[in-house]
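Visitor: The following block contains the structure, expressed as structure tokens.
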Amino acid sequence: MSVSGHKRDVSKVIELFYDATPNGRKALIMLEECGLAYNLNWIEIAKGDQHHPDYLEISPNGKIPAIIDPDGPGGKRVTVFETGAILLYLAEKTGKFLSADPVERIDAIKWLFWQTSSMGPFVGQAVHFINYARDRGIDDTYAVDRYTAEAEGLYDVLEEHLEGRDYMAGDYSIADIATFPWVRVAKGHGIDITQYDNIRNWSARISERPSTRVKPTIPEKDASFERIDGSDEESWKNLFDKKPKSAAQTAKTT
Ligand SMILES: N[C@@H](CCC(=O)N[C@@H](CS)C(=O)NCC(=O)O)C(=O)O
């Protein structure tokens, strides 16, 4: 893990704390779209980097992504975790991908919150029970059915909303940037995207953007890993076992 970035206050370069997951991609795509200089710090969640006390100072909930902007408001250093907050922060910093028009603006914020508080958590659970749990021999049909049904409902909502629209809220915005990386991996949460014409067209439109094609690599690792492998004992423990959440709790157990 590299968390040295948060000590480099002299730099104007944003430090991104990242792993190759849909949530990680939201922040990466936004930084690319905004044309902001950033330094990518890999937080390998299967290895448990997210629980490191240095990282918990940046992201107290022990999740990726997070950013540090050494040149925040008033030139002050700012750390931001939670993708909704990161996208809003960068949109406000750059004046990009969030309309100044109050009606269009709240529309984008509304759909951003829909993604981060409804879609993300539910499809995330579908991913867990369809893939990770099954890889461990846990076949929980009730959980799979429940979260797949929730995922389908969420896709129905998005499909209806996109009728007659190119993007989720006026022009391409942080709502699309939050939602696209999850739709890109729809199969992993039990969704057949071919059944949703509007979502498929919207997704194809966004896939054309160069920002969505950026794929950071870890040199010593298979460059193309897209789904974090959580099947071995160590990764499962780091990702899913009950673990201390706060920095203080972590300190007590290490
Ligand atoms: N609500 C958070 C979710 C972030 C999240 O769940 N990140 C996952 C990767 S996609 C993570 O860090 N998992 C590691 C863990 O739970 O230990 C956000 O939108 O930023």
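The values are calculated or read from the model by the stated rules, or taken from the named source; none is laboratory data. Note that the coordinates shown come from a computational prediction; the quantities given were computed from them, not determined experimentally. Here the Cβ positions follow ideal geometry from the backbone for every residue, glycine too, while neighbour counts run over all protein chains shown.
Visitor: Looking at L98, L87, can you tell me which residue is more than 10 Å from the ligand (Cβ to nearest atom), under 24 Å from K12 (Cα atoms) and under 19 Å from the mean Cα position of the chain (by Cα)?
Guide: On the way: L87 fails: more than 10 Å from the ligand (Cβ to nearest atom).
Checking each option against the conditions leaves just L98.
Visitor: Further question on the same structure: Assuming F113 fulfils every condition listed in (1) touching a Gly at 6+ places or on another chain (Cβ under 7 Å); (2) crowded, with 16+ Cβ neighbours inside 10 Å apart from one, which condition is it?
Guide: (2)
Visitor: Which is crowded, with 16+ Cβ neighbours inside 10 Å and either closer than 21 Å to A91 by Cβ or over 17 Å from the mean Cα position of the chain (by Cα) (or both), of Y142, Y167?
Guide: Y167
Visitor: Can I ask one more? Taking into account only those residues within region 60-79 that are outside any loop (DSSP other than H, G, I, E, B) and surrounded by fewer than 16 Cβ atoms within 10 Å (Cβ to Cβ), which is nearest to the chain's Cα centre (by Cα)?
Guide: In this case the residue turns out to be V78.
Visitor: Also, I was wondering about something else. Among the residues of region 31-47, is any modelled with pLDDT of 95 or more, acidic (D, E) and within 15 Å of the ligand (Cβ to nearest atom)?
Guide: no
One line per residue, one yes/no per condition, for (1) within 12 Å of the ligand (Cβ to nearest atom); (2) touching a residue at least 24 places away in the same chain (Cβ under 8 Å); (3) closer than 21 Å to G24 by Cα; (4) not aromatic (F, W, Y):
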position: T116; (1), (2), (3), (4): yes, yes, yes, yes
position: V127; (1), (2), (3), (4): yes, yes, yes, yes
position: D139; (1), (2), (3), (4): no, no, no, yes
position: E152; (1), (2), (3), (4): no, yes, no, yes
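Visitor: Would you confirm, using the coordinates I've provided, whether T116 is touching a Lys or Arg at 6+ places or on another chain (Cβ under 6 Å) and closer than 17 Å to T179 by Cβ? Quick ask: steps written out before the conclusion?
Guide: Details: touching a Lys or Arg at 6+ places or on another chain (Cβ under 6 Å): no; closer than 17 Å to T179 by Cβ: yes.
No; evaluated as a whole, the condition is false for this residue.
Visitor: Give E152, E163 a once-over and let me know the one that is touching a Gly at 6+ places or on another chain (Cβ under 9 Å) and at negative phi.
Guide: Criteria check complete, one pass: E152.
Visitor: Residues that are outside any helix (DSSP H, G or I), within 17 Å of D229 (Cα to Cα) and not assigned by TED's automatic domain parsing to the domain that holds S231: does region 176-189 have at least one?
Guide: Yes, some residue in region 176-189 is outside any helix (DSSP H, G or I), within 17 Å of D229 (Cα to Cα) and not assigned by TED's automatic domain parsing to the domain that holds S231.
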